[in-house]
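Presented below is the structure to which this report refers.
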Amino acid sequence: MDANTYIPDAFIDDVKTYLPEHLHLDDFIAACKKPLRRSVRVNTLKMSVAEFKQHCAQRDWQLTAIPWCDEGFWLTRPAQEEANLALGNTDLHLSGAMYVQEASSMLPPLALKESVSNSTYVLDMAAAPGSKTSQLAALMNNQGVLVANELSSSRLKVLAATLKRMGVGNCALSHFDGVIFGDYMYECFDSILLDAPCSGEGTVRKDPDALKNWSISSNISIAEVQKALIKSAFYALKPGGSLVYSTCTLTPLENQQVCDSLLNTFPDCTETVSLASLFPGAERATTAQGYLHVWPQTYDSEGFFIAKFTKTGSVDNPNQKVKKGAFPFQPFDKKPSQAFYAELKKQFGIAALNGSLMQRDKELWLFPAGFTEVADKIKYARLGIQLGTIHNHGIRLSHEFATVFGKYCSNNCFALSAEQANDYFNGKDIRLTTPVNVTGEVVLTLCGCPIGLGKWQKSKIKNSLPRDLVQNSPLITWG
Ligand code: SAM
């Protein structure tokens, strides 16, 4: 029990007004004070679930399957390791093989799973720090175009870093208030996730101070933002497309009533999709309307709310807008493209990359296939991945080339030991026990996952880790 958890009386009084009949207030309060079980999601862009389980068994990490997510596990590590090594400093985390994500937070992307697997254009309207964006990218298997938007600039940076670590290659990042999408990207998306900013009432097990500034008036003002965002999302959705609305809060003001506002605004074109059979046991959290209202005591998790809608027909938006300003990229010329692919084949055994090679000044980018449809609708903070920089004698590859495409390399890969990986993430060169004859770039792997690039140099591999990713702490092992 966490005795420091702050639960104001006014909040409890409010909960009493909407707690479902089959639940008990005492159970709710007890659950709020109970520490949260730690859970992780395997990043299948980098590692299969079977491989992950093997790695965990070697480390004596205990896994318990999360019933609604094939890639999700509650995780317990040996006490000595837990006390000495932060999970974020372990090789399985640094390699991007997993993401620490609360179990109930895996539900919203799963509610979109079926539609996402048939979607080319997907929007994650409030995306940072990127747990659900990276989950969506994995469900899309890095295909199609995933637009990830975030209003806060500091959180946008965290989102970008998450996507790099996780090897996401089909993403376009944008930095707007989500309300612009309905006007600028009207009926562009096959699937949309709106994991809305909210009052976070469901997060009190992780943050004992989550309810410090709680008030009904704040719920009401956040709900106004949510209503504007859900309306914008609906305009941005193609007819036939799917929208998932989620929050990590409990109050109907920010949940059911926001859904009501959507249903009332577009009564003829909105169909609620029941989530009662999303996974065995989902009916325990399903409301009369078919939404999932996950209370902390329901599955021993954080509180969450998830609703799904289909747009059954087009809706008119009289405020559609067109972006001004030129598009700063141009297709990379045919001849240098051929030379680039020939070099990739020779060096790494990769014949082609899925997407379009684009150039901006000396930068070479790979845009996701299908990007042209949405390229000029808004200004992106970043579109696709930067593959490298153009020099007189060819392309100098970038870190991201390795993290996204390293798994397809058949030549020039080097598996780092724990000690070498520690040196790599601390910005040091990697010493080799036997000198090598090869030259050029090499993809470095950890736990079988590509983590970056180096350069062969006889008895060492020169470190090419971008400076902003260099860490200054002991990693992977302790003692
Ligand atoms: N989906 C994220 C994840 O799973 O990692 C968590 C998103 S968090 C619940 C909501 C995010 O919305 C915050 O990062 C917040 O900065 C952002 N946000 C707040 N107001 C916004 C707005 N008007 N438009 C877009 N994003 C907004």
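Some points to look at:
- The stretch 254-268, residues that are touching a helix residue (DSSP H, G or I) at 6+ places or on another chain (Cβ under 7 Å) and open to solvent by 10 Å² or more (accessible area, probe 1.4 Å): Gln257, Ser261, Thr265, Phe266
- One residue from Glu114, Glu82 being more than 24 Å from Ile306 (Cα to Cα) and either in contact with a Gly (Cβ under 6 Å, 6 or more places away or on another chain) or surrounded by fewer than 23 Cβ atoms within 10 Å (Cβ to Cβ) (or both): Glu82
- Meeting the requirement of 1 or more residues that are surrounded by 17 or more Cβ atoms within 10 Å (Cβ to Cβ) and of a type in the set (S, T, N, Q), the helices (runs of 4 or more DSSP H) wholly within the stretch 355-430 are 399-405, 418-425.
- Wholly within the stretch 1-93, strands (runs of 3 or more DSSP E) carrying at least 1 residues that are in contact with a His (Cβ under 8 Å, 6 or more places away or on another chain): none
- Count of the stretch 434-466 residues which are in a loop (DSSP other than H, G, I, E, B), open to solvent by 30 Å² or more (accessible area, probe 1.4 Å) and either aromatic (Phe, Trp, Tyr) or over 25 Å from Leu92 (Cβ atoms) (or both): 8
- Checking Leu163, Leu159 one by one, the residue that is touching a Cys at 6+ places or on another chain (Cβ under 8 Å), among the aliphatic types (A, V, I, L, M) and either open to solvent by less than 20 Å² (accessible area, probe 1.4 Å) or part of a helix (DSSP H, G or I) (or both) is Leu163 and no other.
- In the set Ala339, Ala352, only one residue is among the small types (Gly, Ala, Ser) and loosely packed, with under 12 Cβ neighbours inside 10 Å; that residue is Ala352.
- Across the stretch 237-253, not a single residue is classified as within 16 Å of the ligand (Cβ to nearest atom), surrounded by 20 or more Cβ atoms within 10 Å (Cβ to Cβ) and assigned to a helix (DSSP H, G or I).
- Gly182 vs. criteria closer than 19 Å to Ser246 by Cα and either near the ligand (Cβ under 10 Å from one of its atoms) or surrounded by fewer than 18 Cβ atoms within 10 Å (Cβ to Cβ) (or both): no
- Filter result for Ile222 (closer than 30 Å to Ile385 by Cα and out of contact with any strand residue (DSSP E or B) (no Cβ under 8 Å at 6 or more places or on another chain)): no
- Unmet requirement for Val315, which otherwise passes all of (1) part of a loop (DSSP other than H, G, I, E, B); (2) in contact with a Lys or Arg (Cβ under 8 Å, 6 or more places away or on another chain): (2)
- Filtering the stretch 207-229 for residues that are within 11 Å of the ligand (Cβ to nearest atom) and under 27 Å from Ser117 (Cα atoms) leaves a non-empty set.
- Residues located in the stretch 89-102, provided they are more than 13 Å from the ligand (Cβ to nearest atom) and under 16 Å from the mean Cα position of the chain (by Cα): His93, Leu94, Ser95, Gly96, Ala97, Met98
- Only listed residue being more than 30 Å from Trp68 (Cα to Cα), out of contact with any strand residue (DSSP E or B) (no Cβ under 7 Å at 6 or more places or on another chain) and without any contact (Cβ under 8 Å) to a residue 60 or more places away in the chain, chosen from Lys379, Lys362, Lys345, Lys323: Lys345
- Among residues of the stretch 279-312, those that are assigned to a loop (DSSP other than H, G, I, E, B), open to solvent by less than 10 Å² (accessible area, probe 1.4 Å) and without any contact (Cβ under 8 Å) to a residue 24 or more places away in the chain, counted: 1
- Within the stretch 97-142, being small (Gly, Ala, Ser) and part of a helix (DSSP H, G or I) holds for Ala103, Ser104, Ser105, Ala111, Ser115, Ser117, Ser131, Ser134, Ala137, Ala138.
- Of all residue pairs spaced 6 or more apart or on separate chains, those with beta-carbon atoms under 9 Å, a first member in the stretch 116-132 that is more than 6 Å from the ligand (Cβ to nearest atom) and a second member that is among the basic types (Lys, Arg) and in a helix (DSSP H, G or I) are Asp124/Lys132.
The values are calculated or read from the model by the stated rules, or taken from the named source; none is laboratory data. Quick caveat: nothing in here was measured; it's all calculated off a predicted structure. Note that we place each Cβ from the backbone using ideal geometry, even for glycine, and neighbour counts take in every protein chain shown. Just the protein is used for accessible areas: all its heavy atoms, side chains included, with ligands, DNA and RNA removed. Shrake-Rupley method; radii C 1.70, N 1.55, O 1.52, S 1.80 Å.
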